[in-house]
Amino acid sequence: MTAVRNLDLDAGRPVCYSVDVAGLLDDHWSDWLGGVTLRRNEDATTTLTSQGVDQAQLHGLLVAVRDIGATLLAVRQTDCDPARAIPSSSASDQEPILGRVLKTERLVLRPARPDDQDATWAFRRLDSVNEWLTGCPTDLDGYRALFNEPGRLASTVIVELSDGTIIGDFMLRREDAWAQLEVAEQAVGAQAELGWVLDPTYSGRGYATEAVHAMLRHCFTDLGVHRVVANCFLGNDASWRLMERVGMRRETHAVGESLHRSGQWLDTVAYALLAQEWVHENARR
């Protein structure tokens, strides 16, 4: 049972909190969960902490924790640092990371809009798709709430055919690369992470490869990043084979790293591509 300790949430007053969940969450979930700080504990739990959060934001975090399939253990109020307070946000505060429409020979890639929610739900809810996702709410209303979370909406790219049919979506996040303190400023925004989902109705036609090539081109030429990364379960061979097909290299194979909803601990693999590698690969085409 979840323990909720001394929460002071009167009239939207911002407070600071810690949320404990079962399992060890990777750092990349920080942005997904609203910019919280993650601390992995020796007892195989993760503590999520943040500053200056009102009742609506706390509720949003708890919904997001549920939607990624994490088991909520405890919620408690903590001491606040006023200098780190997080202001309330809305969808208008988050600009899409994809600043323009991308077009390929057969596809259109554009920033997501709230009215894309039903079309993406249609294929994301499929068992064959959701098997490899972090999670998908079991009802449309829950998915709509998740899809329209400002940070998620801003990082979502819709893939359409030329006739406007939505056949997939991308996650595109720009992040700071690791750096030593003296050169940290040079690493700001130097890396991008990609993730993708394609409607299985349209698989086997080269659409995913075409879309990933377009996204890599955008990352390296428009965003000017140094490196692009992607990861997946090892069992999702369609995804990692696509990473290799577009020139990405396998950098890690983590054995039994991630607990699947089936109850099995599964291997994960991570791939990356550097800007100079992309330039060299494209020069050969």
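Any idea what the relative contact order of the stretch 126-265 is, in percent, if you count C-alpha pairs under 8 Å spaced at least 6 apart? Over the stretch 126-265, the number comes to 16 percent. Across the options 232, 278, 50, the greatest Cα extent toward the positive end of the charge dipole of the chain (unit charges at beta carbon of Lys, Arg, Asp, Glu) belongs to 278. Summing +1 for each Lys or Arg and -1 for each Asp or Glu among the other residues whose beta-carbon sits under 13 angstrom from that of residue 176 gives -2. Given axes a ≥ b ≥ c from the Cα gyration tensor, I'd like to know whether the stretch 64-222 is rounded (a/c under 1.5), prolate (a/b larger than b/c) or oblate. In terms of gyration-tensor shape, oblate. Projecting the Cα positions of 191, 62, 104 onto the charge dipole of the chain (unit charges on Cβ atoms of Lys, Arg, Asp and Glu, taken about the Cα centre) puts 104 furthest along the positive direction. Think of the stretch 79-231 as having a plus end and a minus end, set by charges on the Cβ of Lys, Arg, Asp and Glu; of 117, 133, 164, 164 sits farthest toward the positive end of this dipole. Scaled against 2.2 N^0.38 Å for its residue count N, the alpha carbon radius of gyration of the stretch 135-194 is 1.56.
A simple charge model with +1 on the Cβ of Lys and Arg, -1 on the Cβ of Asp and Glu and nothing else charged puts the dipole of the stretch 111-196 at about 40 debye relative to its Cα centre.
As a fraction of the 1.4 Å probe accessible area of the chain, surface on carbon and sulfur atoms comes out at 50 percent. Antiparallel beta bridges, as assigned by DSSP with both residues in the chain, represent about 90 percent of the total such bridges. With the whole protein complex present, residue 278 retains an accessible surface near 40 Å², based on a 1.4 Å probe.
Overall, the chain carries a charge dipole of about 580 debye about its Cα centre when +1 sits on the Cβ of Lys and Arg and -1 on the Cβ of Asp and Glu, all other atoms neutral.
With the biggest extent put first, the Cα atoms of the stretch 162-285 measure 47, 41, 27 Å across the principal axes. Taking the helices alone, the chain has a mean residue ellipticity at 222 nm of -6500 deg cm²/dmol, built from -39,500 (n - 2.57) per DSSP H run of at least 4 residues and averaged over all its residues.
Under the 0.36 nm per residue contour assumption, what length would be gained going from the current alpha-carbon distance of residue 42 and residue 203 to full extension?
Details: separation 161, 0.36 × 161 = 57.96 nm, distance 4.20 nm.
Full extension from residue 42 to residue 203 adds 53.8 nm.
Proximity of backbone amide H atoms, modeled 1.01 Å from N, is registered between residue 196 and 171 at under 5 Å, excluding neighbours fewer than 5 places apart on the same chain. Here the gap between residue 101 and residue 182, fully extended at 0.36 nm per residue and compared with their Cα-Cα distance, gives a gain of 25.5 nm.
For the chain, the solvent-accessible area of protein heavy atoms averages 53 Å² per residue (probe radius 1.4 Å; ligands and nucleic acids excluded).
Going 7 Å from the Cα of residue 280 toward and past its Cβ, which residues in the stretch 196-237 have a backbone nitrogen under 17 Å from where you end up? Answer for the stretch 196-237: 226-228. With R₀ fixed at 51 Å, the C-beta to C-beta distance from residue 217 to residue 74 puts the FRET efficiency at about 0.70.
Summarised in one figure, the compactness ratio Rg/Rh of the chain, Cα atoms and Kirkwood Rh, is 0.96.
The values are calculated or read from the model by the stated rules, or taken from the named source; none is laboratory data. Because the structure is predicted, anything quoted here is derived from the model rather than measured. Every residue, glycine among them, receives a Cβ derived from its backbone with ideal geometry; neighbour counts consider all protein chains shown. Accessible surface areas use protein heavy atoms only, side chains included; no ligands, DNA or RNA. Shrake-Rupley method; radii C 1.70, N 1.55, O 1.52, S 1.80 Å.
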